[in-house]
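K.L.:
Here it is, the structure in full.
The values are calculated or read from the model by the stated rules, or taken from the named source; none is laboratory data. Since we're looking at a predicted model, the values are computed, not measured. All Cβ positions, glycine included, derive from the backbone under ideal geometry; neighbour counts span all protein chains shown.
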């Protein structure tokens, strides 16, 4: 399987780690960055979690007693806590400034183990800047719903929790991919492609596009935003393989593909699988075009964040691979 | 970091590169990133030493994050399973147990670690192992909390004189300060122990009980074989409790008892005994040519030695001397040797060295003038080995 980072570096691209000082994070995971080009600024939401993902890859002979895949929380606090930081990046993609997203105006007491807005993607719709991801702390059973947080001066000014369009009782809605050139629209499912429109006044959503499935690859889950690319829209999705070992301990592997739609939401291409840095747990929350290069922000093992720059000359060959 | 990151991207399954990238992350406090890469180094690597170090680095990363003890212990144990004779993991295991207040486990791990971890440390990075004294430190801390007070204090005292890091040194000093002094209650002789006496001096059969802390009175009576003698007692303290001359006086001895602390004067008078409140360094020692017993017991031991030098040995001979050097607490560790040289220079012979109330606290030497004491008794009573001698075992000859 192709390592996208290796391929990119070999073809004139570059990679930059996204790191904020450890005194803000206690050294635990920086993950799932979401890059967004906001006119002439490069913004990036960076998720911080209070756990360390411990995932045995390779021979898997150094598993701990939790198994090959474990989320290592503090022993006295098993809550999974997410805090988001908004970064502004320099032209060379190093961090120019960073600031914790202040959610105090909208926060309420969490009711479940997972706290905070997870895997937030950055969008600007109708001249407002939002981060949008899943929140699971508003009910006692961890029900997940996509939320939009309106960000003004790095403060969460308003919070919109969106109902699922067809199944109001669904347990967890997540990884809807915001469509940057269609305000308040998401790709809810990739194949068969389902596009939903959300109304932040009523907090409802409705399916406005539902296509027939294409081929056999229908376990494709959302990842990045959906961006315009010429006469197409593109994104990165992830696929998951989940299983248990002989000790009934869970394990997982994620892989990734580019998806290319035409402007009518017909899937025109599904790329070959790739990984980012040869990790089995990697995740992408952001893609953006910047000065004709393609920026891809991703996490490695839930523990480190990077931004990859694919030069313009390589974009087509990669996404159409 | 960016260079190593690019090396990693070229060879993501090269365990040495994974380790190096992890180390770069750890150096800037990104311990989750580091831990993930260290784990990757182990899973893709066959170098046992690198795997050992990577497991321990993971443990140290989680230690920095705090409150991940369960995982930390597992990682360290796994490292020990790879290289059981390397000391670094054993040390971290004992330290981890100590920090978790798993005292029994920590004490045992320290002992096992010191015994097993005999290979030379050999790591690329600092695994926080400095020397095998670290096992003694953990043993001392954990031992205290499982009730091994004497051993704990002994180990701390021994550590205090070793070359430790500043933080450990301070910790040892703090522990010694917090755990208090080690004054032991007197171990009392009673008649039932007569048959066990090392030397059954004249009149021993009639003795009901004694008063000294560590059988000094029984030693003096043994060496002088029941005579009614004279004494000079410097640092007499309480008239009975732990006192070295109370029994002698009851047996007809007479002498001078000095103490610098005025509190004792009244108590001695209340108990029908007489002591002089005086500074032994300024005292006018107008003594006869021969006295039977000299006690010097001042604090700190440097004062005892200064007092020793004030005694007119050129004009007065003593049959028996007990000198408290407090070697176990003497920060200079010099007083014992100085006092030995000094007394030998006047012809005195060391009969019992390093008397201790327990197995760990050498605090006195006992001497005689060989011309004034029976050689037969000297042969019976002599024990000048270096080890601390618990006084009851000595006086009952059960060493």
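K.L.:
Scan the range A:123-130 and tell me whether some residue there is in contact (Cβ under 8 Å) with a residue 24 or more places away in the chain and within 21 Å of residue A:25 (Cβ to Cβ).
P.N.:
Among the residues of the range A:123-130, not one is in contact (Cβ under 8 Å) with a residue 24 or more places away in the chain and within 21 Å of residue A:25 (Cβ to Cβ), which makes the answer no.
K.L.:
Does any residue of the range A:268-276 turn out to be at negative phi, in a loop (DSSP other than H, G, I, E, B), within 14 Å of chain B (Cβ to nearest Cβ) and touching a strand residue (DSSP E or B) at 6+ places or on another chain (Cβ under 8 Å)?
P.N.:
Checked against the condition, which is being at negative phi, in a loop (DSSP other than H, G, I, E, B), within 14 Å of chain B (Cβ to nearest Cβ) and touching a strand residue (DSSP E or B) at 6+ places or on another chain (Cβ under 8 Å), the range A:268-276 yields at least one hit.
K.L.:
Which number in (1) under 19 Å from the mean Cα position of the chain (by Cα); (2) outside any strand (DSSP E or B); (3) buried (at least 18 other Cβ atoms within 10 Å of the Cβ) marks the one condition that residue A:235 misses?
P.N.:
For residue A:235, the exception is condition (2).
K.L.:
Within the range A:297-309, can you find the residues that are within 14 Å of chain B (Cβ to nearest Cβ) and either surrounded by fewer than 23 Cβ atoms within 10 Å (Cβ to Cβ) or touching a strand residue (DSSP E or B) at 6+ places or on another chain (Cβ under 6 Å) (or both)?
P.N.:
Matches in the range A:297-309: A:298, A:299, A:300, A:301, A:302, A:303, A:305, A:306, A:307, A:308, A:309.
K.L.:
Taking the options B:83, B:77, name whichever one is in contact with a helix residue (DSSP H, G or I) (Cβ under 8 Å, 6 or more places away or on another chain), under 28 Å from residue B:135 (Cα atoms) and without any contact (Cβ under 8 Å) to a residue 24 or more places away in the chain. Steps first, answer last, please.
P.N.:
On the way: B:83 fails: without any contact (Cβ under 8 Å) to a residue 24 or more places away in the chain.
It is B:77.
K.L.:
Oh, and also: Out of A:2, A:59, I need the residue that is surrounded by fewer than 22 Cβ atoms within 10 Å (Cβ to Cβ) and touching a helix residue (DSSP H, G or I) at 6+ places or on another chain (Cβ under 8 Å). Which one? Before the answer, list the steps.
P.N.:
Numbers: A:2 fails: touching a helix residue (DSSP H, G or I) at 6+ places or on another chain (Cβ under 8 Å).
Unique residue meeting the criteria: A:59.
K.L.:
Please work out if residue A:64 is within 10 Å of chain B (Cβ to nearest Cβ), modelled with pLDDT under 95 and out of contact with any helix residue (DSSP H, G or I) (no Cβ under 8 Å at 6 or more places or on another chain).
P.N.:
Details: within 10 Å of chain B (Cβ to nearest Cβ): yes; modelled with pLDDT under 95: yes; out of contact with any helix residue (DSSP H, G or I) (no Cβ under 8 Å at 6 or more places or on another chain): no.
No: the conditions fail for residue A:64.
K.L.:
Take the residues in the range B:206-221 that are outside any loop (DSSP other than H, G, I, E, B) and touching a helix residue (DSSP H, G or I) at 6+ places or on another chain (Cβ under 6 Å), then tell me which one is nearest to residue B:256 (Cα to Cα).
P.N.:
Let us first name the residues in the range B:206-221 that are outside any loop (DSSP other than H, G, I, E, B), namely B:206, B:209, B:212, B:216-221.
Those still in the list that are touching a helix residue (DSSP H, G or I) at 6+ places or on another chain (Cβ under 6 Å) too: B:217-218.
Details: B:217: 15, B:218: 19 Å.
Here the answer is B:217.
K.L.:
While we're here: Just checking, how many residues over the range B:1-17 are in contact with a helix residue (DSSP H, G or I) (Cβ under 7 Å, 6 or more places away or on another chain) and either within 10 Å of another protein chain (Cβ to nearest Cβ) or closer than 15 Å to residue B:126 by Cα (or both)? First the steps, then the outcome.
P.N.:
The first filter runs over the range B:1-17 and keeps only residues in contact with a helix residue (DSSP H, G or I) (Cβ under 7 Å, 6 or more places away or on another chain), leaving B:1, B:4-11, B:15-17.
Those still in the list that are either within 10 Å of another protein chain (Cβ to nearest Cβ) or closer than 15 Å to residue B:126 by Cα (or both) too: B:1, B:5-6, B:8-11, B:15.
Residues that pass the stated criteria total 8.
K.L.:
Same structure again: I'm told residue B:216 meets every condition in (1) farther than 24 Å from residue B:362 by Cα; (2) touching a strand residue (DSSP E or B) at 6+ places or on another chain (Cβ under 6 Å) except one. Can you identify the failing condition by its number?
P.N.:
(1)
K.L.:
Follow-up. Somewhere in the range A:239-256, is a residue in a strand (DSSP E or B), touching a strand residue (DSSP E or B) at 6+ places or on another chain (Cβ under 7 Å), under 23 Å from residue A:12 (Cβ atoms) and modelled with pLDDT of 95 or more?
P.N.:
The initial filter retains those residues of the range A:239-256 that are in a strand (DSSP E or B), namely A:239-244, A:250-256.
Checking the rest, the ones that are also touching a strand residue (DSSP E or B) at 6+ places or on another chain (Cβ under 7 Å) come to A:239-244, A:250-256.
So of that shortlist, the ones also under 23 Å from residue A:12 (Cβ atoms) come out as A:256.
With the extra rule that they be modelled with pLDDT of 95 or more, the set shrinks to A:256.
Scanning the range A:239-256 turns up at least one residue that is in a strand (DSSP E or B), touching a strand residue (DSSP E or B) at 6+ places or on another chain (Cβ under 7 Å), under 23 Å from residue A:12 (Cβ atoms) and modelled with pLDDT of 95 or more.
K.L.:
If I ask for residues that are more than 10 Å from chain A (Cβ to nearest Cβ) and more than 15 Å from residue A:58 (Cα to Cα), which ones from the range B:23-66 would you list?
P.N.:
First, pick out the residues of the range B:23-66 that are more than 10 Å from chain A (Cβ to nearest Cβ): B:23, B:27, B:47-50, B:52-53, B:56-57, B:59-60, B:63.
Hits for the range B:23-66 are B:23, B:27, B:48, B:49, B:50, B:52, B:53, B:56, B:57, B:59, B:60, B:63.
The rows are residues; the columns are (1) surrounded by fewer than 24 Cβ atoms within 10 Å (Cβ to Cβ); (2) closer than 17 Å to residue A:118 by Cβ; (3) at the interface with another protein chain (Cβ under 7 Å from one of its Cβ atoms).
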residue	(1), (2), (3)
A:7	yes, no, no
A:11	yes, no, no
A:20	yes, no, no
A:28	no, yes, yes
A:37	yes, no, no
A:45	no, yes, no
A:52	no, yes, yes
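K.L.:
Return yes or no: is residue A:201 modelled with pLDDT of 95 or more, assigned to a loop (DSSP other than H, G, I, E, B) and surrounded by fewer than 19 Cβ atoms within 10 Å (Cβ to Cβ)?
P.N.:
Numbers: modelled with pLDDT of 95 or more: yes; assigned to a loop (DSSP other than H, G, I, E, B): yes; surrounded by fewer than 19 Cβ atoms within 10 Å (Cβ to Cβ): yes.
So residue A:201 fits the description; yes.
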